[in-house]
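What follows is calculated from the coordinates using simple rules that are stated; it is not laboratory data. Remember, it's a predicted structure, so these values are computed and weren't measured experimentally. Neighbour counts are summed over all protein chains in view; Cβ atoms, including those assigned to glycine, are modelled from backbone coordinates with ideal geometry.
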Amino acid sequence: MYQAHFGLGEMPFGITPDTSFFFTSPHSQQALNTLLVAARSGEGFIKITGEVGTGKTLLCRKFMASLGAGFVTAYIPNPYLEPRTLMLALADELELPLQRDVDQHQLLKSLTLRLMDLAREGKQVVLCLDEAQAIPLESLEALRLLTNLETEKRKLLQIVLFGQPELNQHLQANSIRQLAQRITFHYHLGPLNRDDMEYYLAHRLRVAGYTGTRLFSRAALRRLFKASGGIPRLVNIMANKALMVCYGEGKQQVSKRHVGLAASDTVPGAARWPWWVAGLVAVIAACGLTWALMK
């Protein structure tokens, strides 16, 4: 909608996890380094936690893209699965052909042989589980048993758990205490601080092709940080809406008021701003007419 107005090649503040927009803040870079060191050292279990919207899925995808040719990665975005279904999902990710009615014994045997074949080829297998706080305890135990498989040098399967802080409570269950003891690398993703948020915005705008002067005023940045708390997903949502309002008014710089309107439409419990007005304003602005929003 507003790309041409601001000289952008693409939308800068989408909420889909696009690794080309990965921002190496101190938090995200430390988390990525932790993942890479742990994976290359052959650890069985690795854990990454963070609140909703802090960038766990984007970090997961960046991690998998950074591993290199010596690794085979498997990704399960919704692991709320009973043990057999979870094993079938892993087999599918490893491109393992199976009979439709394969029994549990043959399934585990086939997975073991596949992992051993990959190890003989010099490949390390890493399974990444997103939203790991939702994994049933019995499925976590089944995964632990799979990580018992190893050569004289290393594990045949490494597992990375990405989850909300509730995952920590989940892992305190007595029935899976052996798994919790095997998590030797872990990292908690926090929100961006005020300076990092400004760099984050500039980074995403630059990746999207912006070459102009300051697009968000300093007052707008302060308002955006206060409203979002530095949570990247909320930053993206509010920044995108603020750009829509700014474009609708035909302005070239996002103001504090623009961010305030975006925040009021985003933060639960805040006064809602009628977004059909933004659409109407955008249409009128595109037609070259003058429009002023009520302050």
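Normalising the average separation of contacting C-alpha pairs (under 8 angstrom, six or more residues apart) by the number of residues puts the relative contact order of the chain at 25 percent.
Each peptide in 29-40, 60-71 gets a packing score, the mean of other Cβ atoms within 10 Å over its residues, and the list from highest to lowest is 29-40, 60-71. Altogether, the Stokes-Einstein calculation at 37 °C and 0.692 mPa s, with the Kirkwood radius of segment 62-138 over Cα pairs as Rh, returns a diffusion coefficient of 245 µm²/s. Per-residue Cβ neighbour counts within 10 Å put THR112, THR57, THR213 in the sequence THR213, THR112, THR57, beginning with the fewest.
Here are labelled values, (i) 67, 50, 35; (ii) 65, 54, 28; (iii) 71, 38, 37, and one is the computed Cα extents along the principal axes in Å for what I pasted. Which one? For Cα extents along the principal axes in Å, the calculated option is (iii).
A Förster radius of 22 Å combined with the Cβ-Cβ distance from GLU51 to THR184 puts the calculated FRET efficiency at roughly 0.40. Legend: P(r) of segment 26-189 from all alpha carbon pair distances, 5 Å bins from 0, whole percents, reading 1, 9, 20, 23, 22, 15, 7, 2, 0, 0.
Each residue in VAL235, VAL267 was given a count of other beta-carbon atoms within 10 angstrom of its own, and listing them fewest first yields VAL267, VAL235. Highest average first, the peptides 115-125, 247-257 ordered by how many other beta carbon atoms sit within 10 Å of their residues are 247-257, 115-125.
Percent of Cα pairs in segment 150-216 per distance bin of 10 Å, from zero to the largest separation: 14, 29, 20, 19, 15, 4. Computed from backbone phi, the HN-Hα couplings of segment 174-188 come to 4, 5, 10, 4, 5, 5, 4, 5, 8, 7, 9, 10, 8, 8, 10 Hz, rounded to whole numbers (Karplus: 6.51 cos²θ - 1.76 cosθ + 1.60, θ = phi - 60°; Gly and Pro given as x).
Summing +1 for each Lys or Arg and -1 for each Asp or Glu among the other residues whose beta-carbon sits under 12 angstrom from that of TYR187 gives +2. Under 5 Å from the amide H of VAL254 lie the amide H atoms of PHE216, SER217, each residue being 5 or more positions distant or on a separate chain, with H modelled from the backbone and absent for Pro and chain starts.
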